[in-house]
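A quick write-up on the structure given underneath.
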Amino acid sequence: MTARSGAVVVDPLRDDDLDAALALNNAAVPHVNELDIDRLTELRSLGSLAVAARLEGGFVGFALVMAPGVPYDSPNYRWFNERHDDVRYLDRIAVDPAARRAGVGSALYAAVFDHARTEGCPLVGCEVNLEPPNPGSRAFHRSLGFEEVGRQTTYGDTVVVQLLLAEVD
């Protein structure tokens, strides 16, 4: 699968992308949880979709999506699985700050929705931090049609998330 959105190309997350993906992920803490290379590799193998975004040939972002029923210990993933039979859970997305506002996030989300559509899945779920706050992400998700369906406190009461769903058209 290769998708294009303007100058952004979205294709499978490759082994040689993992170091760059890990660096982007860990630079985005606390909006995503910190990983090591073994955990990132494990999550990629659990995912129903693992994609990279490239701008002018360079790696600028990635996204990981989980289907229902995989052995994943994320409390947010479990929340969606306990309430919905068929949702694709966007576990994480990270975009290089230097590439923001270049359509990278939109291209990654287009790939996520295309994936759900191809699998006949009606919903995409994700979460956005309320504490610590992430107002830019909240606004971006609203613009994509995500709506709040719940909230939960996780990770020893250090994170409060807004759980979001969007319908796949």
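The values are calculated or read from the model by the stated rules, or taken from the named source; none is laboratory data. Since the model is a prediction, treat every value here as computed from it, not as a measurement. Glycine also receives a Cβ, built like all others from the backbone with ideal geometry; neighbour counts cover every protein chain displayed.
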Strands (runs of 3 or more DSSP E) completely within the stretch 43-100 that count 1 or more residues being under 16 Å from residue 164 (Cα atoms): 58-66, 87-95
Candidates 80, 113 - the one that is among the aromatic types (Phe, Trp, Tyr), out of contact with any helix residue (DSSP H, G or I) (no Cβ under 6 Å at 6 or more places or on another chain) and over 18 Å from residue 10 (Cα atoms): 80
In the stretch 138-157, the residues that are over 16 Å from residue 89 (Cβ atoms) and in contact (Cβ under 8 Å) with a residue 24 or more places away in the chain: 138, 140, 155
Answer from 109, 155, 72 - the residue that is among the hydroxyl-bearing types (Ser, Thr, Tyr) and on the phi > 0 side of the Ramachandran plot: 155
Members of the stretch 87-104 found to be at pLDDT below 95 and not aliphatic (A, V, I, L, M), listed by number: 97, 100, 101, 103
Answer from 96, 73, 91, 86 - the residue that is more than 12 Å from the chain's Cα centre (by Cα), buried (at least 17 other Cβ atoms within 10 Å of the Cβ) and of a type outside the set (A, V, I, L, M, F, W, C): 96
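Report yes if some residue within the stretch 115-127 is modelled with pLDDT under 95 and in a strand (DSSP E or B); otherwise report no.
Narrowing the stretch 115-127 to residues modelled with pLDDT under 95: none.
No; the residues of the stretch 115-127 include none that is modelled with pLDDT under 95 and in a strand (DSSP E or B).
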Pair list, Cβ < 6 Å and 6+ apart or interchain, from the stretch 107-126 residues that are surrounded by fewer than 16 Cβ atoms within 10 Å (Cβ to Cβ) to residues that are modelled with pLDDT under 95 and assigned to a strand (DSSP E or B): none
